[in-house]
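Written below as structure tokens is the structure these notes are about.
What follows is calculated from the coordinates using simple rules that are stated; it is not laboratory data. Here the structure is a predicted model, which is why all the values come from computation and not from measurement. Positions of Cβ are backbone-derived with ideal geometry, glycine not excepted, and every protein chain shown enters the neighbour counts.
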Amino acid sequence: MNPVRSDLYNNNVASIRTFSLFLAILLVLAGGCTRQPITGQTSLKLKTTGELQDYLSTHKPDLELFRLRGPFPVNVQTDYELRLSANERIDSDLYLSSPPGIAPLVIFLHGYDSSKEAHANQALHVASWGMHCLTLQLPSSGAWSSNGKTLARIVNLIHRSPEIIDSRIDRNKIILVGHSFGGSSVAIALGDGAPAAGGILLDPAAIGRDLTKFLQQIKKPVMVLGADEQVAWARNRQFFFQYVRSGIAEISIRNATHEDAQYPSEFAVKNGADPHTTEEMQVTFVSAITAAAVSLGSTGALDYAWTSFGPVLENGKFFNAKKK
């Protein structure tokens, strides 16, 4: 376990899961690669995002709906080169949803010692619900403040010229998603005034000398989707709710680990399997991400997502719900 993972997890997690690690190694030897997600697909037959919006507006918000793959095909372009300036290129993967007409863009940023591939299934899933997605590869250690500044520049560029990605991107509905220390970078971008509709922070970890200042400057809605802190804890996760002045909501997912907020995890990307994740928890995270992105993309607020969380808060699958 690397130093940051030891920061993120209680000491007893590793010992509890040693046997699981052994089983995972056997799976790696047997399979050699990560499996494709097995979420199933919705039975909804829709051709446009307008039809989807009509459906959602006439039905009660339902998180379970978003556990399934959405109704739209997705065009995936791996290793897409995003030109930030004449001499600066950003490696990314692009997931374009098929319906005509403009739609939100959801940008995913990885955490420590991780990669854009650790959010591939999340991006694919969200895009199947009618939102375009971009996963970024930025420096993966020791650069979270500068990553936040870079992310802000990327958002500004796309806001000015969305056609550099695709002419169907709605420049006013760019949504930022960050995992772990990538959540700090998203917060810095939002606090720095990036023209985004809001942020979704996946078990975020607080790092950076000036982070609290940026958190206090955030004026857009933020959703924190946390792991179970009895299982795993992210460094200073409480800072996000504490220092963002308003428009922030937070929930925890019972029994979820820090790596469950990736899909697949970086460990699985490198080794074929990860004993610290389960697909059940990863699908729970991706359904919550999708609900939050739909909410921000449709209304610019988190009310739709928050209402969709009601049943799972009642049955205990989600807990520690708070907002201000």
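Odds and ends about this structure:
- Rounded to the nearest 20, the size of the Cβ-charge dipole of region 164-297 about its Cα centre is 660 debye, with Lys and Arg at +1 and Asp and Glu at -1.
- For Ala256, the amide hydrogen comes within under 5 Å of the amide hydrogens of Asp228, counting only partners 5 or more places away or on other chains and with H modelled in the peptide plane.
- Entry note, the chain: relative contact order of 19 percent, from Cα contacts under 8 Å with a spacing of 6+ residues.
- Evaluated with a Cβ-only charge set (Lys, Arg +1; Asp, Glu -1), region 3-299 carries a dipole of roughly 600 debye about its Cα centre, given to the nearest 20.
- Here Cα Rg over 2.2 N^0.38 Å was computed from the coordinates, and among (1) 0.92; (2) 2.21; (3) 1.09 the match is (1).
- Residue-by-residue Karplus 3J(HN,Hα) for region 162-173, coefficients 6.51, -1.76, 1.60, Hz, glycine and proline x: x, 5, 5, 9, 6, 5, 8, 7, 7, 4, 8, 9
- Rounded to 5, percent antiparallel among DSSP beta bridges of the chain: 40
- Among Glu266, Glu280, the order by Cβ neighbours within 10 angstrom, fewest to most, reads Glu280, Glu266.
- For region 93-136: rounded, prolate or oblate by the Cα gyration tensor [a/c cutoff 1.5]: prolate
- Residue exposure sequence - Ile253, Ile200 - by fewest surrounding Cβ within 10 Å: Ile253, Ile200
- Ranked by the mean number of other Cβ atoms within 10 Å per residue, highest first, peptides 207-216, 93-102, 270-279 order as 270-279, 93-102, 207-216.
- Residue among Pro61, Tyr80, Ala268 farthest towards the positive dipole end of the chain, charges placed on Cβ: Pro61
- Cross-link pairs Lys213/Lys324; Lys60/Lys213; Lys149/Lys317; Lys116/Lys220; Lys173/Lys323; Lys173/Lys219 - those with Cα-Cα distance over 26 Å: Lys60/Lys213; Lys149/Lys317
- Rg/Rg_globular for region 89-222, with Rg_globular taken as 2.2 N^0.38 Å and Rg from C-alpha atoms: 0.96
- Ascending count of other beta-carbon atoms within 10 Å, so fewest first, for Arg89, Arg67, Arg235: Arg89, Arg235, Arg67
- Compactness index (Cα Rg / 2.2 N^0.38 Å), region 223-324: 1.09
- Based on alpha carbons, the Rg and Dmax found for region 233-277 are 13.8, 41 Å.
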